[in-house]
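The values are calculated or read from the model by the stated rules, or taken from the named source; none is laboratory data. On a predicted model such as this, the values are computed, not experimentally measured, just so you know. Note: ideal-geometry Cβ built from the backbone for every residue, glycine included; neighbour counts use all protein chains shown. Accessible surface areas use protein heavy atoms only, side chains included; no ligands, DNA or RNA. Shrake-Rupley method; radii C 1.70, N 1.55, O 1.52, S 1.80 Å.
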Amino acid sequence: MAHDKTVYSRYKISIMPIFLSETTTRLRESLRVAWPFLLLVLLQAVLAGASIYALSAVRALTGGEVLWVLGQKDALYYLDRYVEYGREDDFRAYQNNLAIPLAERDARLSLESATPSYEVMRRGFIDAGNHPDDLESVIWLLRTFWNFELVREPVRQWVIGEKYLDQVQALADEIRAARQADPLAGKAMVQQWREQIDTLHRLMLPGILAFNRSLGESARRIVVILLVFNGLTAMAVVGLPLVRGGILLQRQRKMENDLLIERQGALLTLGSIADGVIALDTQGLPLYMNPAAKRMLGIRFRKVRQRGLAQWLRFDASVHPAVEVARLLDHVQQGELAPEDKHSWHLLRPDGKRRVVQLTVSPLQVHGKFSGVGLVLRDVTREKDYLDQITWKATHDDLTGLVNRREFERRLEALLASAKQAQSAGAVLYVDLDQFKVINDTCGHQAGDAMLRKISGELQANLRADDVLARLGGDEFGILLPGCPPLVALRLAEQMRLAVQACKLQWDGQEFTTTLSIGLVELTPELDSVQEVLRVVDVACYRAKELGRNMVYLYQPDDAQVLQRVGHMHWVQRLRKAFAQDRFCLYAQAIAPLHSERRGLHFEVLLRLHDEDGQLVPPGSFIPAAETYGLMPDIDRWVVQHVFARLAQHA
């Protein structure tokens, strides 16, 4: 359980950043589309709140106007009662009611001052009977719109209505003083006071009514303005989504059109390229195949749409083992090839045809999530055939189809390297056609080529499966017999000699035959290099020719004639180097007559050679090798040229 909790905890920790990243991405994309709507809704909410706040302020201000009007009217009413009855309660009621417009006047005067006092305004509106919760909105409304006509006109009427307050207060003070001096005032005085009160009432009434009308008109205009603003905002809230939606719809259509054009271009490109392109889902099911992939695989897309990768991507089992194929298909579905997968693969089509392809895969991602695999098949069949052809030409003879000298030497070297510990690695045959030049000289090289091909077939027919037959050049062949004992090799060589001896070529009405001179050498540890093996087997072949041709000669290390010929072969390179370094020299030996008569000088010219150490070598050591390998004409010309040059100097 503890292990499960740990795994679950690690799982939550690993998943949480991915979840937060995806949520942030989606929220960012949503905000990018919806921010104009959110801004308008926020603006509408702010405007609605401001409208409600402004209407609340208008309501509070209107309520204060009612108190202001009632305060003035009730102050005059109670003052009139005080004049008539003289009761103190009426006078106090007068004072209380008059305090309302006076308090509002103090608040207004603070608003009009250069440095308004919030505390004075607040105390004035509270004393005037306004609710404390309405003070903030009333003060905000008056201060914000003080210089606007909506507020200036009611305030002007307010000021007009207030100018009679001082007269009312002065008359009330006069009446109060008179009543205190003479509580029983005469009827004439009372009538006079009441007439003055009535006059003030008639004078104040127009201002009160004008203030009431102006305030009502301003309130209605504010309501209209707020309604207009809210209506415009509501229209914007409704209209912007329509406009925005139209723009987004137009943009979406354009994107769809662009995507359609891009898709058509991509399909056209995918349809025209030679590489096969396949899109796979996360289960390995094909989502798309371009025409090249269908042709390459020899399948129809609709038939493999619901089939797994292994059911239609098949490989030649004779080239690729099942384990190797299973590993490759698993790597393909994961979207990443291993280094051992990045080579040529031999596809096996349903019709039995084979194609050589190279694979490239890349993962497909949508919003950072693995959504499938892109598989590209590049058909390299022609390139493979071309490379095989080049490789074949580099290692084979064009005329006979046999391996050439270079490939023969490579295989011989490999055979020597793999069998150094063995007492005998096999045998090598060096085959030379006897009198082959007669065929070329008589009927031309085409007849000679036909004879070479015929003989190649005869030789190949008498060899084992692992033996190697090569054309070394001209009319010479080499044969590798791996693991073949000398007696078996000798028997095979004799079979080939007899088969070629019986072979006849009909050409232009003539019949041609030829024989073989074969040198045979057993591969022993003493022969440790290709050059040494070829040198010895060539000597053995030459020995077969010396002994009369049409025979097989088995090389024996202690054969005196062979050893002599090997020595001659060493002299060939030494003589050529002596020519290059001009190490030949001439000696003259006088020839004297036996009789006394003597005419002129007679000399015998003798040829000598300085070896690499400067020592003189007698002609008997190198003349036989020069005669055997055709170097005597060169030596003769050197001697004649130098003798006549010396005679010319002493002429």
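Semi-axes of the equivalent ellipsoid for region 270-344, computed as √(5λ) from the eigenvalues of its C-alpha gyration tensor and ordered from largest down, come to 20, 14, 13 Å.
Lys-Lys pairs in region 272-391 that are eight or more residues apart or on separate chains and whose Cα atoms lie under 16 Å of each other come to 4. Excluding same-chain neighbours fewer than eight residues apart, the aspartates and glutamates reachable from K545 by a Cα-Cα span under 18 Å are D432, D434, D475, E476, E494, D559, E627. Among the protein heavy atoms of region 323-459, carbon and sulfur supply 50% of the accessible surface, probe 1.4 Å, non-protein parts ignored. In region 324-446, a dipole from Cβ-located charges (positive for Lys and Arg, negative for Asp and Glu) runs towards its positive end, and of L412, Q389, Q358 it is Q358 whose Cα lies farthest in that direction. Kirkwood-type hydrodynamic radius, region 364-512: 18.5 Å, calculated from all non-identical alpha-carbon pairs. The chymotrypsin sites (Phe, Trp or Tyr not before Pro) found in region 572-631 that occupy coil by DSSP, while having at most 16 further C-beta atoms within 10 Å, are Y629. On a per residue basis, region 442-543 carries 43 Å² of accessible surface, using protein heavy atoms and a 1.4 Å probe.
Here is the size of region 62-142 from its Cα atoms: Rg then Dmax, 14.3, 45 Å.
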